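The values are calculated or read from the model by the stated rules, or taken from the named source; none is laboratory data. Keep in mind that what you see is a predicted model, and the values were worked out from it rather than measured. As a convention, Cβ positions derive from the backbone with ideal geometry for all residues, glycine included, and neighbour counts pool all protein chains shown.
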Amino acid sequence: MIIASVDDYRKECEARLPPFLFDYISGGSFQENTLRANIAELQTTLLRQRVMVDESHLNLSIDVWDQALSLPIVLGPVGMTGMYWSRGEVKAATAAKATGIPFTLSTMGICDVHEVAQQTGVPPWFQLYMLKDRGFVRSVIERSTSAGSKVLVFTVDLATPGRRYSAVHDGMENDPSLLGMLGFVAQGATHPRWALDIVTKGRPLKFGTVAEAMPKGVPYGKFVHDNFDASTTWKDIEWVRSIFPGKIILKGILDPDDAKRAVETNIDGIVVSNHGGRQLDSVTSTIRALPKVVDAVQGRVPVFMDGGIRSGLDVLKALALGATACFLGRAWAYALGAAGESGVRDMLDILTEELRVAMILTGCSDVNRATPDLLLRD
C-alpha cells in the first residue's frame, strides 16, 4: 500500500492489528459524537491563502521551557502501544528522538519508563493517572523521576472511564472468562504478521509501570474502572508537586474556568483535551475550546492541544488559535501499528511537509508567529 497520509496509516493499521486492539485505538465513548467533532471541526476551520510572500526561509522549531523542539509537535501518551508493535513505546520514542520532538510515555504503557530512557538515551515525558493507592502513585512518580523524566503530564479527565461500546463488544471492558481470552487468541491468530512480531519479540505480558498494582487475570477495563480515583481534586496537584521536581502539565482541560484554576495552582502547562473523544461524549471539540482557554490563561503558561490532529494543516490551525504545540495520539499510534518505528518516522515526515506547504501558502514563515490572521473569518 502506498502511504501518503495519516489516514493511509489508519487503514494499514486496521488491516494488521486484531480488531480488539484497533478498536481500542480508534474508538470513542458512547455515540462517538465528540470523537467525530474533533476531526470535523478542524476540517471546517479554513485557512486564509496568501500569495506573493517570500517564504524561502521557514522556521518550524519552537522552544518549550528549556527544550528545543524541531516541530510544534509532541508524541502524546497512548496506552498499550507495546501491543501494537513489539516494544512499541521504545520504537515510537526512538522515532521522536530522531525527529527532535518529545515522546510521552503513558502510565498504561507496556514498556517501563526506565526501558524507554535507557534504550533511547532520552528520558521521556511521563503521563500520570491518579490511582486510589497513593503510595503506589508516589512510587510511579519517583520512578519516572529516577529515569530522568523532567515533564509530568498529569491527565485529569479520567476520574472514571468513559463508556466505550466497542470495548464492551470486544471483551476488553469486562470479560475475564476463558471464552473471552480465547476470543483474543482467535483474533490474533487471524492476524499472523502482528502475532509473530508480538509473540517472538514483544513480551507484552504486563504493563511496565503499573505491573505491581495490576493483579494477574484482571481484565484491563476492570482494572481501570476499579482503580482510577474519582476523589481527585485540585489539592492533589499540590501533592504531586511535592513529589515531582520538574514541569507539570495538566491534560484534559476544556473549560476556561478550569484553565484559570489550573494556573492558580502553579502548574507549568495545559493540554486542551477531551481524551480524543474517549471520555465524556457530547462535549466540545478541542479546536473550539482552544481559543477560550488561551484567552483565560493570558500567556502565563504554554497551552497545548490534542484531538483530531491528522495533518500538518491541522497543526497550523491549532497554532493560529493560540496553541504552543500539538500533542499527537492516534496519528502516531496508527503509524506504529502499521509499520513500527519506520512508520512513526515517516508519519512525522509527512506532517512536516504538510506543515511546510500550509505555512508557505498562508504566508507564515515562523510557527512562533502564527496568529488568527492565518484563518478565514466569515
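Numerical summary
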| item | result |
| --- | --- |
| Some residue of the stretch 292-312 being touching a Pro at 6+ places or on another chain (Cβ under 8 Å) and closer than 16 Å to residue 46 by Cβ | no |
| Residue match in the stretch 230-247 (condition: among the β-branched types (Val, Ile, Thr), closer than 28 Å to residue 59 by Cβ and either surrounded by 24 or more Cβ atoms within 10 Å (Cβ to Cβ) or out of contact with any Pro (no Cβ under 6 Å at 6 or more places or on another chain) (or both)) | no |
| Helices (runs of 4 or more DSSP H) contained entirely in the stretch 12-113, each with at least 3 residues that are closer than 16 Å to residue 125 by Cα | 88-99 |
| Total residues in the stretch 71-80, condition at pLDDT 95 or above and within 9 Å of residue 110 (Cβ to Cβ) | 0 |
| Residue count for the stretch 118-133, restricted to those that are more than 13 Å from the chain's Cα centre (by Cα), outside any loop (DSSP other than H, G, I, E, B) and under 20 Å from residue 90 (Cβ atoms) | 3 |
| Failed criterion for residue 55 (all others in (1) without any contact (Cβ under 8 Å) to a residue 24 or more places away in the chain; (2) out of contact with any strand residue (DSSP E or B) (no Cβ under 9 Å at 6 or more places or on another chain) hold) | (1) |
| Residue count for the stretch 246-293, restricted to those that are aliphatic (A, V, I, L, M), within 21 Å of residue 64 (Cβ to Cβ) and within 17 Å of the chain's Cα centre (by Cα) | 9 |
| Residues of the stretch 1-36 satisfying the condition of being among the charged types (D, E, K, R) and buried (at least 16 other Cβ atoms within 10 Å of the Cβ) | 8, 10, 12, 14, 16, 23, 32 |
| Search result, residues across the stretch 302-347 that are under 21 Å from residue 28 (Cβ atoms), surrounded by fewer than 24 Cβ atoms within 10 Å (Cβ to Cβ) and not small (Gly, Ala, Ser) | 310 |
| Filter result (without any contact (Cβ under 8 Å) to a residue 60 or more places away in the chain and aromatic (Phe, Trp, Tyr)) within the stretch 126-157 | 126 |
| Residue in the stretch 137-148 that is in contact with a Leu (Cβ under 6 Å, 6 or more places away or on another chain), of a type in the set (A, V, I, L, M, F, W, C) and part of a strand (DSSP E or B) present | no |
| Criterion (under 12 Å from the mean Cα position of the chain (by Cα), touching a residue at least 24 places away in the same chain (Cβ under 8 Å) and under 23 Å from residue 278 (Cα atoms)) met by exactly one of 310, 330 | 330 |
| Hits in the stretch 58-73 - residues which are touching a helix residue (DSSP H, G or I) at 6+ places or on another chain (Cβ under 8 Å) and in contact (Cβ under 8 Å) with a residue 60 or more places away in the chain | 58, 59, 60, 61, 62, 71, 72, 73 |
| Set 66, 7, 54: member being at pLDDT 95 or above and among the acidic types (Asp, Glu) | 7 |
| Matching residues in the stretch 149-169 - criterion: being in a loop (DSSP other than H, G, I, E, B) and over 23 Å from residue 265 (Cβ atoms) | 161, 162, 163, 164 |
| Cβ-Cβ under 8 Å pairs, at least 6 apart or on other chains, the stretch 27-41 side under 19 Å from residue 161 (Cα atoms) and at pLDDT below 95, far side among the hydroxyl-bearing types (Ser, Thr, Tyr) and outside any loop (DSSP other than H, G, I, E, B) | 27/165; 27/166; 28/34; 30/165 |
